[in-house]
Amino acid sequence: MTSTTPHAIRSVRLAARVTTLLARHYPEAGPDLAEGFRVMSHDQQEPRRMFVRWYGAEPPRPWALGGGLGVISYRVRIAEALTRAGYAVTLPPDGWDVYVDDRPVDTSGPRYAAVPSSLPFGDQWLVMDQWTRVHTATAATEEEAKDEAAHRERRHVLTDARLVTVSDPDLWPHLERADELLGDGLTWLRQEVHDVTRYGDLVEHERIDALVQTANALRAGREVAQQGRMVTWRAPERYEVRWVPKSSTPTVGYFPGFQRGPVQDDAIAVLVAAGLRMVVYGEPIGEGAWQCEQNGVMVTAAEPTGERAAGVSVDAIGRGMEEQTERVPEVLRAAGWTVTADRSWTGAWAAFPPAG
């Protein structure tokens, strides 16, 4: 009996659509498995992983002319046709099948991920295509798997950028260069800087936006510069455009280049528990500088004063932080800290932990 679950119905419909698409250019394999393609699945559980297999063709010989497509040629051409049509496509490294699925509704997250292998032999890590649920590569270590996942993520976005600019192929060489300049990073922060006192808001974008905009800047002849992980250029209106990848390991509550100790950690914990908005620093953007991803309260280690224990200086980074900084004294004092105005910096507070 044919299953009528939503997943099963979806698989049948996907197979029908893929078959219709490919049949415009290639023959279907008949009951006798004459040369042609067939859309199928070996899965016994839903959701099924659907793949396209070619039957009846020998591997191509370099010296042979004519004849069928051959398994290798078939795989490449079928994968390209499905990709152009907007499907998610995976070519596993250990077979000749082309796995295919619809793209998910939400594509903002990473497509590729490093996962442990369940096999007792071979490489211990896999790079999984989370859209088709099939592995695309193997790796001996987790670090190698993560590096390969990031590499495939970049290639995937670059392919998507070509698809969305298919009517503008002159941009494609610049897309390649933009990809090199940007490096890794799935989510990006864009900021406009009009002068030293007018910094625009940080706006999150998917990588493809940074890729296409950087490529257009390159084509327009703008000088695109790198400062650490930041890529910048001057817009026609003379303001600076900045792109920085959003950090996956941000620094919260303190500046990454400053000294940090347990007293500082304790002060940050008290302020966070009270709901204060803490500063967030992300990727390095030059020598001794990091991208400020979020304005907030910053805690800096202070030198000992007299016989008191080493304290901290608490300050606000960015505009619109007045309400937050006004709460600092009451929050720390309620936790037993001694708080006074910091004489070395206007608007900051000097705080010392409870005795004992």
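The values are calculated or read from the model by the stated rules, or taken from the named source; none is laboratory data. Only a predicted model underlies this, so the values are computations on that prediction, with no experimental measurement involved. Cβ: placed from backbone, ideal geometry, glycine included. Neighbour counts: every protein chain shown. Surface areas here come from the heavy atoms of the whole protein model, side chains and all, with no ligands, DNA or RNA. Shrake-Rupley method; radii C 1.70, N 1.55, O 1.52, S 1.80 Å.
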Within segment 176-192, identify whether any single residue is open to solvent by less than 60 Å² (accessible area, probe 1.4 Å), under 16 Å from Gln291 (Cβ atoms) and of a type in the set (Phe, Trp, Tyr), and answer yes or no.
-> yes
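Name the one entry in Pro116, Pro120, Pro110 that is in contact (Cβ under 8 Å) with a residue 60 or more places away in the chain and farther than 18 Å from Phe51 by Cβ.
Numbers: Pro116 fails: in contact (Cβ under 8 Å) with a residue 60 or more places away in the chain; Pro120 fails: in contact (Cβ under 8 Å) with a residue 60 or more places away in the chain.
Going through Pro116, Pro120, Pro110 in turn, the sole match is Pro110.
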Quick one: Gln213 ticks every box in (1) more than 30 Å from Phe352 (Cβ to Cβ); (2) touching a strand residue (DSSP E or B) at 6+ places or on another chain (Cβ under 7 Å); (3) at pLDDT 95 or above bar one, so which box is it?
-> (2)
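Which one of Pro256, Pro329 is closer than 29 Å to Arg198 by Cα and surrounded by 12 or more Cβ atoms within 10 Å (Cβ to Cβ)?
Pro256
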Open to solvent by 60 Å² or more (accessible area, probe 1.4 Å) and acidic (Asp, Glu): does that describe Asp129?
-> no
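Given the criteria crowded, with 19+ Cβ neighbours inside 10 Å and not acidic (Asp, Glu), does Ala149 qualify? Give the derivation first.
Values: crowded, with 19+ Cβ neighbours inside 10 Å: yes; not acidic (Asp, Glu): yes.
Here the answer is yes, as Ala149 does meet what is asked.
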How many of the residues in segment 259-295 are in a loop (DSSP other than H, G, I, E, B), open to solvent by less than 60 Å² (accessible area, probe 1.4 Å) and within 26 Å of Val241 (Cβ to Cβ)?
-> 6
